[in-house]
């Protein structure tokens, strides 16, 4: 009893920390608790085995029928979710404007298929893919190209590309004529070389697709020219969506790709910004913007070349024993730097004489593996809290040679943040127009939901001396 009284204050502190798991060394006591032992018997086990307070917390939680104490909650994770094939929004369309990486080329299955799982009537699908790109519309620096050791299927799409060339109007993102010329040159080299040693320019992207579906996912024919959306940060990219490439789809998708990240087109094909619903914002643009929001009058003009953007996680001051907050409490440092010898302008990042308007300028695209119990490939467009009504005029932020600016942000508090149960691997893309910094984040709802409530209530989650 004395031992129990000695550890009781520590037990309370463990509840305050929100600890959810224990390590393997503590499992013997936990397994006995899971057999619904009485609470007194569970306490005795802890004392006899010299267990620490975390064990008692788990035993109390797992004894469902003991004195009406709430039992363990079962959450859905990505291994058990039933999802539709590919990532479509509520309108059954794919938001190409927010896609991470977009390629025009060929897609074919290397291996894989349907796998029936024990204790489940819904099959799991897993495929290893190869993507042969003709042109990369977005994310070129993020795509690791593999050297091919066999014949290339791009030899079969020349006629298709020529037909599209006769029908489509060239866009800033895609010059079909140049693509056709490049393809013809590559095919000439390919014809002259041994099939065992193809032209070095003919490389492919390693891809994958997986999901738990009631329906079989459809894939294109091996020689069918398609638009391909990819996601992920590893060398093997995950297939998010594909669509047949023809004059109509190429024209539509390339127009979306030309937009700033997070923007889209309305039913009449006019640009809409993420701030479209917040009233007129003509002060948040240059005089002659490249793109103009048809609803808010907000504009976009590209940044000068040479600027760099980066993001880094801010570690939590209080790391949980189960590493539920191993990536922190949601705070990030976002930085912009001018490494050149000339002043560089960022029209998408506005400022006044009082300072830089980070919150009013930033867009965050959040992609998750779990959202409301369903896969979320397309992602959410999220915005910080802001107030445009007080702004009379703004100007573009200019960085002098060697200058660097930064701010602290927490996207967990942004609007439209996905409601995720259980754990999820999130990918944040912080965007100013077409400038983007990307990072991953391990989200645990049992921990981070508490953090979000504390922040909204004004309760400090980090030492006040840090000045967040």
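What follows is calculated from the coordinates using simple rules that are stated; it is not laboratory data. No experiment lies behind these values; they were computed from the predicted model shown. Counting neighbours? That spans all protein chains shown, and the Cβs are built from the backbone with ideal geometry, glycine included.
Spin-label model, residue 308/residue 214: points 7 Å from Cα along the beta carbon direction are separated by 5.1 nm. Shown is the FRET efficiency for residue 117 and residue 398, computed with R0 = 35 Å from the Cβ-Cβ distance and rounded to the nearest 0.05: 0.05. Taken along its three principal axes, the alpha carbon spread of the range 302-466 comes to 48, 38, 34 Å, from the longest extent down to the shortest. According to the Kirkwood relation over distinct C-alpha pairs, the hydrodynamic radius of the range 278-334 is 14.9 Å.
In this simple spin-label model, placing a label point 7 Å from the Cα along the Cα-to-Cβ direction at both residue 385 and residue 252 gives a separation of 3.9 nm. Taking each residue as 0.36 nm, the span from residue 235 to residue 319 lengthens on full extension beyond its C-alpha to C-alpha distance by 27.2 nm. The protection proxy used here, the mean number of other Cβ atoms lying within 10 Å of each residue, ranks peptides 406-413, 419-426, 342-349 as follows, highest first: 342-349, 419-426, 406-413.
Length gained on full extension, residue 416 to residue 222: 66.0 nm, using 0.36 nm per residue less the C-alpha separation. A protection proxy built from the mean count of other Cβ atoms within 10 Å ranks the segments 127-135, 213-221, most packed first, as 127-135, 213-221. Label-to-label distance, residue 144 versus residue 440, with points set 7 angstrom from Cα along the beta-carbon direction: 1.2 nm.
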